[in-house]
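The values are calculated or read from the model by the stated rules, or taken from the named source; none is laboratory data. Just so you know, these numbers come straight off a predicted model, no measurement behind them. For neighbour counting, all protein chains shown are included, and Cβ atoms are generated from backbone atoms with ideal geometry for every residue, glycine included. Accessible surface areas use protein heavy atoms only, side chains included; no ligands, DNA or RNA. Shrake-Rupley method; radii C 1.70, N 1.55, O 1.52, S 1.80 Å.
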Amino acid sequence: MIKNICCIGAGYVGGPSMAVIALNCPEIMVNVVDINSQKIDEWNSSDFSKLPVFEPGLDNIIKKCRGKNLFFSTEVEKNISNAEVIFISVNTPTKTVGVGKGYASDLKWIESSARQISKFAKNHTIVIEKSTLPVRTAETIKNILDSSEEIADFGIKKVSKTFSIISNPEFLAEGSAINDLQNPDRVLIGGEDKKSIELVSNIYKNWVDPRKIITTNLWSSELSKLVANAFLAQRISSINSISALCELTGANINEVAIAIGTDKRIGNKFLNAGPGFGGSCFKKDILNLVYLCQYYGLPEVADYWEQIVKINSWQQERISSLVIKNLFGTLSNKKLAVLGFSFKANTNDTRESPSISIAKNLIKEGAELNFYDPKVNKEDILKEFQRKENEEKINVCETALIAAKGTDAVIVLTEWEQFNNLDWEYIFKLMRKPAWVFDSRNYLNTDQLKKIGFNVWSLGQS
Ligand code: UDX
Ligand code: UDX
């Protein structure tokens, strides 16, 4: 039985997934390590509102397990040495330079993690790919690990370590990470060595129904993660493309989504039209899939999947243009409130958030923007708009009401529940007239807003 786990990478994936393992497996020591010492300090903070990842329910688990069988530290070497199982949960961003730039994943952190494991691991170690990776990355990891022959002090070559590689991708969605981890639809474990697959399965069997544990070969597991994200993103681009058609034809996107979603073959999940998908995964993983298809000589397949990302950018451009058009074709000398900066509700994560690209488009048109988000802090908003000339055009506000004061329009870009419960009558009084509300998530009470006197634009409605 596994007794000691190490996870490299204390981010949105590593932190919550290890917390849930620690919660359900009190007899396993779980050490989460990260090179970022500030992040580790935040994980160790006595003030639970300072944890670096906001996820409903996560603080309670940290309270219960931290210091008992869950530890956060920067001691990478020591914890690798002690571990029987090592999860690699480091980031794998899209390459910005070199071969495959703009598409392929940058595996430099995976490589450096594998090198560290190769150097410091002892005996037999199961190395688990938790990060989403291109197919056949396990081969690269294996090559690095297998080169770890130790030279002992007295010069005798001793091969004292062995490794087994497992792919165990994470399917959690941010904002519902704890629930997704506690009650996963499935746990996917890919590998070649039956014994290691069984040992890893046994960890999950502490709380997951064994029927939900799917085992495959390494390559199927790696590819399935990319494909799952591509299919999910595809649904969003599909419904978003139809939202534009609804606006022009008198159809209502909510009604269309219900009408098609009741067909069991289609299903009713992931049919919310909006300002396009954000988050660290969808775009990166599709671009990675596109790169793989090109690499393997399948340009038609690559083009097919790339279109999902193109529609996503188009949706954001489209929303920006609609705001400008409705505000008499210009935003100079206009102040707008942007409500919501995280890429979805219930998270403080802003990576690839539609709010960033839409806000940038609005600033380009001359608008001054007042931002408000319930969970994203000021620095994280400001760092997206670093250019000097933008500084006086951006204000980050303490409340939605302060953000709305004196503006011509309120643009709702993240579906935080609290935006539905704002005192919209009061907000109307605070704004310059005509006062607009742009509901890019299509979830506010439009009738009520119209009754108050707002001009309302709601995505996917004419
Ligand atoms: C990331 C990827 O985005 C995702 O595709 C993958 O499936 C899992 O890893 P996430 O946890 O959201 O997801 O990333 P992030 O929050 O950036 O966390 C990664 C952490 O790894 C960072 O805290 C970083 O400091 C750490 N890291 C990176 C190391 O500890 N060592 C390294 O060598 C590199
Ligand atoms: C996603 C996958 O869901 C998860 O399985 C994987 O492990 C990581 O990537 P995440 O990005 O955290 O998770 O959140 P998700 O709920 O999938 O939302 C992604 C984006 O799509 C968000 O910007 C969200 O607002 C948007 N979205 C989602 C829609 O616009 N409409 C929908 O119906 C669903």
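What number, in nm² with one decimal, is the all-direction average of the projected area of the convex hull of the alpha-carbon atoms of segment 199-250?
Orientation-averaged projected area of the Cα hull: 5.6 nm².
Whole-Hz ³J(HN,Hα) for each residue in segment 190-200, computed from phi via Karplus 6.51 cos²θ - 1.76 cosθ + 1.60 with θ = phi - 60°, x for glycine and proline: what do you get?
Once θ is set to phi - 60°, the couplings for segment 190-200 become x, x, 10, 9, 4, 4, 5, 4, 5, 4, 5 Hz.
Roughly how many whole Å is it from the C-alpha centroid of segment 280-302 to that of segment 401-415?
Rounded to whole Å, the Cα centres lie 37 Å apart.
What are the extents of the Cα atoms of segment 265-319 along their three principal axes, in Å, largest first?
34, 32, 20
What is the distance, in nm, between label points placed 7 Å from the Cα along the Cα-to-Cβ direction at residue 139 and at residue 202?
The modelled label-to-label distance comes out at 3.2 nm.
Please compute the volume of the convex hull spanned by the alpha-carbon atoms of segment 215-277 and report it per residue in Å³.
84 Å³
Output wanted: per-residue J couplings in Hz (rounded whole) for segment 27-44, from phi through Karplus 6.51 cos²θ - 1.76 cosθ + 1.60, θ = phi - 60°, x for Gly and Pro.
Values, residue by residue: 8, 9, 7, 10, 10, 9, 10, 8, 6, 8, 5, 5, 4, 5, 4, 5, 4, 8 Hz.
Over all pairs of distinct alpha carbons, what does the Kirkwood formula give as the hydrodynamic radius of the chain, in Å?
Taking every pair of different Cα atoms in the chain, averaging 1/r and inverting gives 23.9 Å.
Specify the angular offset, from 0 to 90 degrees and rounded to the nearest 10, of the alpha carbon long axis of helix 108-120 from the longest principal axis of the alpha carbons in the chain.
It works out to around 30 degrees.
In segment 1-146, how does Rg compare with the Kirkwood Rh, expressed as the Rg/Rh ratio over alpha carbon atoms?
Rg/Rh: 0.98.
What accessible surface, in Å², does a 1.4 Å probe find on residue 304, ignoring ligands, DNA and RNA and rounding to the nearest 10?
120 Å²
Round to a whole number: what % of the accessible area of segment 21-135 belongs to carbon and sulfur, probe 1.4 Å?
Here carbon and sulfur together make up 51 percent of the probe-accessible area.
If you stretched the chain out fully between residue 260 and residue 383, how much longer would it get, using 0.36 nm times the residue separation minus the C-alpha to C-alpha distance?
Gain on stretching residue 260 to residue 383: 40.2 nm.
Residue 8 accessible area, nearest 10 Å², 1.4 Å probe?
Its accessible surface works out to 10 Å², give or take rounding.
Given 0.36 nm per residue, what is the gain on full extension from residue 216 to residue 399 after removing their alpha carbon distance, in nm?
Full-extension gain reported as 61.0 nm.
Can you pick out the pairs among 344/450; 283/310; 78/142; 39/284; 335/360; 335/393 whose Cα atoms lie more than 18 Å from each other?
From 344/450; 283/310; 78/142; 39/284; 335/360; 335/393, over 18 Å: 344/450; 78/142; 39/284.
How far, in degrees from 0 to 90, does helix 282-295 lean away from the longest principal axis of the Cα atoms of the chain, to the nearest 10?
The answer is roughly 60 degrees.
Using 0.36 nm per residue of separation minus the Cα-Cα distance, give me the extension gain between residue 332 and residue 231 in nm, one decimal.
32.4 nm
Provide the FRET efficiency to the nearest 0.05 for the residue 46-residue 81 pair, computing r from the beta carbons and using R0 = 30 Å.
So, using R0 = 30 Å, E works out to roughly 0.55.
Using just the Cα positions, wrap segment 188-345 in a convex hull and report its mean projected area in square nanometres, one decimal place.
The number I arrive at for segment 188-345 is 13.8 nm².
Quick one: if you stick a label point 7 Å off each Cα along the C-beta vector at residue 162 and residue 238, how many nm between them?
A separation of 4.6 nm, rounded to one decimal place.
So who's got an amide H within less than 5 Å of the one on residue 94, skipping anything under 5 residues away but keeping other chains? H placed 1.01 Å off N, in plane.
It is 106, by chain and number.
Starting from the Cα of residue 423, move 7 Å in the Cα-to-Cβ direction to define the label point; list residues of segment 389-413 whose amide nitrogen is under 18 Å from there.
398-407
So how far, in whole Å, is the C-alpha centre of segment 81-130 from the one of segment 179-249?
Comparing the Cα centres of segment 81-130 and segment 179-249, I get a distance of 20 Å.
When N is the residue count of segment 165-276, what does its C-alpha Rg come to as a fraction of 2.2 N^0.38 Å?
In units of the globular-protein estimate, segment 165-276 measures up at 1.36.
What accessible area per residue comes out for the chain, rounded to a whole number of Å², with a 1.4 Å probe?
So the chain comes to 47 Å² accessible per residue, rounded to a whole number.
Heavy atoms of the protein only, probe of 1.4 Å, neighbouring chains included. What is the accessible area of residue 135 in Å², nearest 10?
30 Å²
When Rg is the radius of gyration of the Cα atoms in segment 176-220 and Rh is its Kirkwood radius, what does Rg/Rh come to?
Radius of gyration relative to Kirkwood radius: 0.99.
When the Karplus curve 6.51 cos²θ - 1.76 cosθ + 1.60 is applied with θ = phi - 60°, which whole-Hz ³J(HN,Hα) does each residue of segment 431-439 get, with x for Gly and Pro?
9, 6, 9, x, 9, 10, 10, 10, 9
Give me the Kirkwood hydrodynamic radius of segment 320-462, using the inverse of the mean 1/r over all pairs of distinct Cα atoms, in Å to one decimal.
Hydrodynamic radius (Kirkwood, Cα only) of segment 320-462 equals 14.9 Å.
Calculate how steeply helix 137-146 sits against the longest principal axis of the alpha-carbon atoms of the chain, using the helix alpha-carbon long axis, and give the answer as 0 to 90 degrees to the nearest 10.
30 degrees
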